[in-house]
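One structure below.
Any read-out appearing in this document is the output of simple, stated calculations on the displayed coordinates, not a laboratory observation. Predicted model only: the values in this text are computed from it and were never measured. Ideal geometry is used to build each Cβ from the backbone, glycine not excepted, and the neighbour counts take in all protein chains shown.
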Amino acid sequence: MIEAQHLTKRYGATTAVDDLSFRITPGQVTGFLGPNGAGKTTTMRMILGLDRPTGGSVTVNGRLYRDLAAPITEVGALLDAKAVHGGRSARNHLRVIAASNGLPESRVDEVLRIVGLHDVASRRAGAYSLGMGQRLGIAAALVGDPGILMFDEPVNGLDPEGIVWVRTLMRSLAAEGRTVLVSSHLMSEMALTADHLIVIGKGRLIADAGVQEFLDRDSALSVLVRSRDNERLAQQITGAGGAVVPAVAGGLQVTGMASGTIGELALAAGIVVEELVPQRASLEEVFMEMTKDSVEYSTGEVA
Amino acid sequence: MSTITDPVPVSPGQRRGTAPARPATFGDAVRSEWIKLTSVRSTWITLLVALVLGVGFGTLISYLSGSHHATGGFGHHGIWDPTSVSFRAIVIAQLAIAVLGVLVVTSEYGTGMIRVSLAVTPRRTRFLLSKALVYTAVALVVGEVMAFAAFLAGQAVIGLNAPSTTLGAPDVLRAVIGAGLYLAVIGLLASAIGALVRNTAAGISAIVALLFVLPGVVQALPSSWANPITEFWPTQAGSQVFAVVRGAHTLAAWSGFGVLVAFTILVLAVADVTLRRRDA
């Protein structure tokens, strides 16, 4: 459980995180989503006690991170996979982490096996590819076998096989009852991994909802309908409170009415329906729509 | 490769970290810092360089000084301190100890490792002190080895041409042990400076300025200014602990060393306060 209350971080005149409140619960993958520069990493750094909030607070399992007795057994984090000493072997990097919280060396071998780096563990971390570095970062997060895991852009630099592996890992960690927070600026990635989404833009909370709820609420429930008598059907729909506009490819674009209701109206009026398609916006479109006002550097109109 | 795509359970048949196994201790932090220090090759290379400089170069200087003394070259100084002569290269070797001292802290900032370190050990004073303790202990061992080796080899070659001394002579054992202690404190001071400036280039510049540049600048001042400043300049004062014959305008061995230790503790305390205040 991670809980933020009115979390705020200002750097001089810039507000990186602005009055953010959320609660991240166990047993599901929570996607932390926002355009680059939205404040995702700053928020994660405050969760880990690396940065001090200007205002508000964030707790893990009800306590400040710095008050945890053996922090890595409660929270494991991958913030930046490149944050290792390049001259140190992967195994020694993990030994450093395990020792710091009094964990046995056997745990190092276990996590090396989990991430598939066992055979290359004695190689210098500086000689690792980006993908291997990400795996090492994930291994580091898992050393303490924590109940809370945070990953900042974990699929960056991974090949397709690696991406599938990370997704599966996130899902199985959540299935084991852990709290999993994964940040990304890619909606499509989150659509495949997350159960719940926290969307921020310019440091402010934009949405905090289940993936499905998110879609249902924001896709404006538009339905494409084509019938033998579009004109009469349009009258029926507007009469029942729906809004109708002619669809680009012929037929009607209906908003404010579920497809089932449209079908019932057509049946009652004896109109043959040829096509009845709920138009669900993709998560990507919803995301773009939500964050369009909060992208830090948006491309201006071309004159 | 099935080992990669099939996820292995993260905690096969055991607890899922809801409660800590046991609280992390200062000793855990020390063990972690020990692994950090000993698992990078640059540590061993730098310490070896320090020993070669301190002992090898020291023996050469001792031999040359002994010959020079034999030809009457030291007559006009009026001071012949064979112990000090055998430690002359420590002035150079201390740079290697100091550079590594800066690096053990600043390399964490340079690589980003600091964010991992402070996440696994969020008690920042514990982090800083465990790191300082490990490096000071290593610098002490290397320093004592260097001091005894440089002294014994130095006296052997000085004895070829000039009066040498032995560990049994008055104040000599104190000076030899003191040379190792001095190197350990210089290592600690360099680490504290590293923690304060968080940048390798700035840290090395600061320690070089403290050890070499500023004392040189002070010498250019009128002696009424230069003498008291030199007397109490932390690194100059500290070096009295490995002199047997006390020069003019210098503190006594342990008083001088005390000045260096007090200054080092002050820098470490300031480094601790800033480390706890700043974002990592």
Rounded to the nearest 20 debye, dipole of segment B:26-277 from Cβ charges on Lys, Arg, Asp, Glu: 800
Of B:Gly112, B:Gly178, B:Gly56, the one that fluctuates the most in a GNM where chain B has Cα springs shorter than 10 Å: B:Gly112
Cut-off under 5 Å, modelled amide H: who pairs with A:Val29 long-range: A:Asp195, A:His196
A:Gly76 long-range amide H proximity, modeled H, under 5 Å: A:Ile148, A:Leu149, A:Met150
Residues B:Arg277, A:Arg95 arranged by fewest to most Cβ contacts within 10 Å: B:Arg277, A:Arg95
Anisotropy class of segment A:111-244 from Cα gyration tensor, a/c 1.5 cut: prolate
Residue-wise HN-Hα coupling along segment B:52-57, computed from phi with Karplus coefficients 6.51, -1.76, 1.60 (Hz; x: Gly, Pro): 4, 4, x, 8, x, 5
Candidates A:Leu117, A:Leu79, A:Leu252: whichever shows maximal mean-square fluctuation once chain A is modelled as a Gaussian network with Cα springs under 10 Å: A:Leu252
Unsatisfied cross-links (Cα-Cα over 27 Å) in the set A:Lys82/B:Lys131; A:Lys202/B:Lys36; A:Lys40/B:Lys131: A:Lys202/B:Lys36; A:Lys40/B:Lys131
Per principal axis, descending, Cα span of segment B:26-277 in whole Å: 62, 40, 29
Length-normalised contact order of segment A:1-131 in % [C-alpha pairs under 8 Å, at least 6 apart]: 21
Backbone HN-Hα couplings from phi across segment A:83-98 [Karplus 6.51/-1.76/1.60, Hz, Gly and Pro as x]: 7, 10, 6, x, x, 9, 6, 4, 4, 5, 4, 6, 5, 4, 5, 4
Packing-based exposure ordering (other Cβ within 10 Å, fewest first) of B:His69, B:His249: B:His249, B:His69
Under the Debye formula (equal points on every Cα, no solvent term), log10 I(q)/I(0) of the protein assembly as shown at q = 0.05, 0.10 Å⁻¹: -0.34, -0.91
Amide H contacts of A:Asp51 (H built 1.01 Å from N, under 5 Å, at least 5 apart or other chain): A:Met46, B:Ala280
Within chain B, helix-based [θ] at 222 nm, where runs of 4 or more DSSP H residues each add -39,500 (n - 2.57), nearest 500: -22000 deg cm²/dmol
Mean separation of Cα contacts under 8 Å, 6 or more apart, over the residue count of chain A: relative contact order %: 21
Residues A:Glu110, A:Glu264, sorted so that the one with the fewest Cβ neighbours within 10 Å comes first: A:Glu264, A:Glu110
Positive-end extreme of charge dipole, the protein assembly as shown - chosen from B:Leu48, A:Gln279, B:Ser86 (charges on Cβ): B:Ser86
In order through segment B:236-246: 3J(HN,Hα) via Karplus (6.51 cos²θ - 1.76 cosθ + 1.60), integer Hz, x for Gly, Pro: 5, 4, x, 5, 5, 5, 10, 9, 9, 8, 7
Relative contact order (%) - chain B, alpha-carbon pairs under 8 angstrom, separation at least six: 22
